[in-house]
1. Scan the stretch 115-142 residue by residue and report those that are of a type outside the set (A, V, I, L, M, F, W, C) and surrounded by fewer than 17 Cβ atoms within 10 Å (Cβ to Cβ).
2. Within the stretch 48-66, which residues are assigned to a loop (DSSP other than H, G, I, E, B), over 16 Å from LEU141 (Cβ atoms) and out of contact with any helix residue (DSSP H, G or I) (no Cβ under 7 Å at 6 or more places or on another chain)?
3. Check whether at least one residue in the stretch 81-103 is surrounded by fewer than 22 Cβ atoms within 10 Å (Cβ to Cβ), at pLDDT 95 or above, within 11 Å of the chain's Cα centre (by Cα) and more than 18 Å from ARG159 (Cβ to Cβ), and report yes or no.
4. Can you name every residue in the stretch 4-15 that is charged (D, E, K, R) and either touching a helix residue (DSSP H, G or I) at 6+ places or on another chain (Cβ under 9 Å) or in a strand (DSSP E or B) (or both)?
5. Which is more than 13 Å from the chain's Cα centre (by Cα), surrounded by fewer than 21 Cβ atoms within 10 Å (Cβ to Cβ), over 23 Å from ARG167 (Cβ atoms) and hydrophobic (A, V, I, L, M, F, W, C), of LEU60, LEU50, LEU69?
6. With the requirement that a residue be aliphatic (A, V, I, L, M) and exposed (fewer than 15 other Cβ atoms within 10 Å of the Cβ), what does the stretch 143-174 give you?
7. Residues being at pLDDT below 90 and either in contact with a Phe, Trp or Tyr (Cβ under 8 Å, 6 or more places away or on another chain) or surrounded by 18 or more Cβ atoms within 10 Å (Cβ to Cβ) (or both): count how many of those fall in the stretch 1-17.
8. Hey, does the stretch 25-44 have a residue that's surrounded by fewer than 23 Cβ atoms within 10 Å (Cβ to Cβ), of a type outside the set (S, T, N, Q), under 19 Å from LEU115 (Cα atoms) and in contact with a helix residue (DSSP H, G or I) (Cβ under 8 Å, 6 or more places away or on another chain)?
Amino acid sequence: MLQLLLLRHAKSAWDDPKAADRTRPLSRRGERAAAAIGRAMAERGLAPDLILASPARRSLQTLAALAPLPPSTRIETPEALYLAEAETLLAVLRELPNQVTSVLAIGHNPGLHELAVKLAGAGAERPDVLRLAQSFPTAALAEFALNGRWADLGRRPSRLVRFLLPRDLPELAA
């Protein structure tokens, strides 16, 4: 069984309207949400073998807020993940070796959301799948269980295990 975790970067700051999209940092709210999701991941035993993060500053800061990570966790920042569409994300993930059993991809909408909806499609009547279909907010985390190989991702059924939003966490509940 393979595990895929999809994490949208946390909320970014728009303080400097002239800043390039790629260099926008997290807002304070984003920093809090990313740290809370990191704690929630640790509490649930979600420790990926590999993290693939968009090289955008806000994605890298989201990644940093997940610390501490197990020392064996490998981190890569492929250029292809920056503002990647769902098909690009799929292509990157399908190339993973099957020795990697758990992957966390940190990226951007709309591609991340479109990929999550595609993967969750089989359980469309479930409340968590319906909630995922509506939106994939900043710092949201979707966990999928996959049978088979990474090369089969999106071609074979996968199951949405959980869809966790920062506002679901007691420390950030509004």
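The values are calculated or read from the model by the stated rules, or taken from the named source; none is laboratory data. All figures in this text were calculated on a predicted structure; none of them were measured in a lab. Quick reminder, even Gly has a Cβ in these numbers, built from the backbone with ideal geometry, and neighbours come from all protein chains shown.
1. The answer is LYS118, GLY121, GLY123, GLU125, ARG126, PRO127, ASP128, ARG131, GLN134, SER135, PRO137.
2. Selection gives ASP49 alone.
3. The answer is no; no qualifying residue exists.
4. ARG8, LYS11
5. LEU69
6. Those that are aliphatic (A, V, I, L, M) and exposed (fewer than 15 other Cβ atoms within 10 Å of the Cβ): ALA145, ALA151, ALA173, ALA174.
7. Matching residues across the stretch 1-17 total 0.
8. no
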